[in-house]
Amino acid sequence: MLDSLITSKTRIKLLLKFFLNTSTHAYLRGLADEFGESTNALRLELNHLENAGLLKAENKGNRKVYHANSTHPLFNDIHRLVLKHSGITQVIEEVVERVGDISKVWVRGDFAVGKDSDLIDLVIAGKNIDVDYFENLIQKVGKIVKRQICYTIILPKQEAEYFIPGENKLLVWTK
């Protein structure tokens, strides 16, 4: 979806990086290593996004660290667009809101750190979930969003003890 609106693959990667997990902070060389792209190409795109006000930059030592500008008027719209592009929004709309008593949903793995991936890894806190119906919906939505979806269901009381300290996770839905 985004690639038909935005022709720069680098810009799409940057939007995903900073707007999937809006607390992400990154610097030029780290992004170049992560994306496998030249610093010059990234610098141009970062400058475009910063000049447009979508990203903010701060100097920390000898590094310029970038992060999403949450005060930009289009911030929420871009965040929702990136979530929709990733397929996470459809998973929530088609599955989470239809089965059982789900209280929270986290995404972990690549999406939690703002990387595009073929896998959506979910942790779902809930109770009274019809697992067969849930599995059926997950498979259907996976085909629609063209991504593999794996999930773990935990009880709401288990959430504090379930996650490994320091694990990359992002809360994407709460009741």
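Data overview
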item	result
Residue check for Thr71: out of contact with any strand residue (DSSP E or B) (no Cβ under 7 Å at 6 or more places or on another chain), over 19 Å from Leu49 (Cα atoms) and open to solvent by 20 Å² or more (accessible area, probe 1.4 Å)	no
Failed item in (1) under 30 Å from Pro156 (Cβ atoms); (2) buried (at least 19 other Cβ atoms within 10 Å of the Cβ), with Leu15 passing the rest	(1)
Every pair of residues 6+ apart whose Cβ atoms lie under 6 Å, when the first sits in the stretch 88-101 and is more than 12 Å from Ile138 (Cα to Cα) while the second is modelled with pLDDT of 75 or more	Thr89/Leu83; Gly100/Gly126; Gly100/Asn128; Gly100/Ile129; Asp101/Gly126; Asp101/Lys127; Asp101/Asn128
Restricting the stretch 145-171 to residues that are at pLDDT 80 or above and aliphatic (A, V, I, L, M), the residue that is nearest to the chain's Cα centre (by Cα)	Leu170
Criterion violated by Arg147 - all others in (1) within 30 Å of Phe35 (Cα to Cα); (2) touching a Gly at 6+ places or on another chain (Cβ under 7 Å); (3) touching a residue at least 60 places away in the same chain (Cβ under 8 Å); (4) open to solvent by less than 20 Å² (accessible area, probe 1.4 Å) satisfied	(4)
Pairs, first within 22 Å of Lys169 (Cβ to Cβ) in the stretch 117-135, second open to solvent by 80 Å² or more (accessible area, probe 1.4 Å) and part of a strand (DSSP E or B), C-beta under 8 Å, six or more apart	Asp118/Gln148; Leu119/Gln148; Ile120/Gln148; Val123/Lys169
Exclusive hit being open to solvent by 40 Å² or more (accessible area, probe 1.4 Å), in contact (Cβ under 8 Å) with a residue 24 or more places away in the chain and more than 23 Å from Val172 (Cβ to Cβ), set Glu50, Glu58, Glu37	Glu37
Tally of residues being aliphatic (A, V, I, L, M), at pLDDT 85 or above and out of contact with any Ser or Thr (no Cβ under 9 Å at 6 or more places or on another chain) across the stretch 106-128	1
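The values are calculated or read from the model by the stated rules, or taken from the named source; none is laboratory data. Nothing here was measured: the structure is a model prediction, and the numbers come from that model. Cβ sites come from the backbone with ideal geometry, for glycine too, and all protein chains shown count toward neighbours. Please note that ligands, DNA and RNA were not included when accessible areas were found on the heavy atoms of the full protein model with its side chains. Shrake-Rupley method; radii C 1.70, N 1.55, O 1.52, S 1.80 Å.
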